[in-house]
Every structure is written in structure tokens, then in C-alpha cells.
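To start, the structure under review is shown below, and the notes come after it.
Just so it is clear, none of the values below were taken in a lab; they were calculated from the coordinates. Remember, it's a predicted structure, so these values are computed and weren't measured experimentally. Cβ placement follows ideal geometry from the backbone for every residue including glycine, while neighbour counts extend to all protein chains displayed.
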Amino acid sequence: MQHLAQTAQWTALIAILLLAVGALVWLLGHRRPTPEEIERERRLRLVSYGRLVDGILLDLMETDRIGTDRTAAQSIASTGGTARLMLLYQYEIAGVNYECAQEITALRDNLLPGQIQVGLPCSVRYQPGSPENSIVLAETWSGLRSLAAPRPAQPESPFHRERRRLARPTRALG
């Protein structure tokens, strides 16, 4: 009986030791996601589950600093030598106006030149329970609206053809 108690104690001790070693290996081998990976996940989640609302593009600006105070600011050198591209937009939900900014530096390659037109409408995806969590651009979705293409020429109606014929000046005889 005493032999069984000792065997159970050793088994429990070995199991605890294996769990501790496994947890240590996981902690040392597990890497935390980078801020860029966290932001990408947020955008993909909003593309999948976010609601759509109309908004307006307020500004597109390139900045070399993040934050407002000098201690929290980062220079261009700390961001890999490139400036950050920020898209400012506004939208309204349930009578509340939201003005937001989205960093689109990572999405710069997905944009066409001149695609962002300040002052034009856009579509915004937002989280229903937290409307301030919103995006205008993601890897697989864009709320930017293309500029209106010129309308194709419509065939002239008989009415317009007759009107044009009657409006022609006639030559004076004489």
C-alpha cells in the first residue's frame, strides 16, 4: 500500500515537472505579435464583421511623428526611414459625428495614384458595439470611391435630331 502511494507521488511530481518544462518552452518559443500584425488583424476583422456607413475624406497627410508630446514621438529613423501616411475621415452614426485617422502606410502599394480625393465621400466600416473602431482601407477591401467615369455617349433621339435641324441658320437669298 505504501509502495502505491509513493508511485502516485512520483507520477504526480513527474507530471508537474513536465507541465512546467512545457510551459517554459512555450513561453520562450512563443513570439508576441508585432503592432503591425495586430493592426492587420483588426482591419481583417472589420472587413469581415464591420457595418458600412457613408463618410467623407477630410485629409491625407504624411507625417514623420506619432503622438503629440515629444517623449511619445518617434522619428522617421525608428519607422524604417519612411514617413507614415495618415488618412483622416469623418462619419456619423446615430447622430454622433466621428473624426478618425487610419494609418495606411502598409497599404500604400494597394492605392492607385490620385485615388484619394479629399472632400469626396467614402465608405467606412465600423464595429457595431464600438463605432470609433473603423477603417476606410484594408488589404482586401477599399471604401474609397473611384472618380466618376465619363458617361458613354447616348444615341441621339429623334426629338433632339429634329431640334438640331431646325436650329441651323438658313442662308439668306439675294
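Data overview
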item	result
Gain upon complete extension [Leu120, Leu88; 0.36 nm per residue less C-alpha separation]	10.3 nm
Least to most buried among Val124, Val53, Val118, Val21 (fewest other Cβ within 10 Å first)	Val21, Val118, Val53, Val124
Within-15-Å neighbourhood charge of Asp54 [Cβ basis; K, R +1; D, E -1]	+1
Average projection area in nm² (convex hull over Cα atoms of segment 80-136, one quarter of hull surface)	4.9
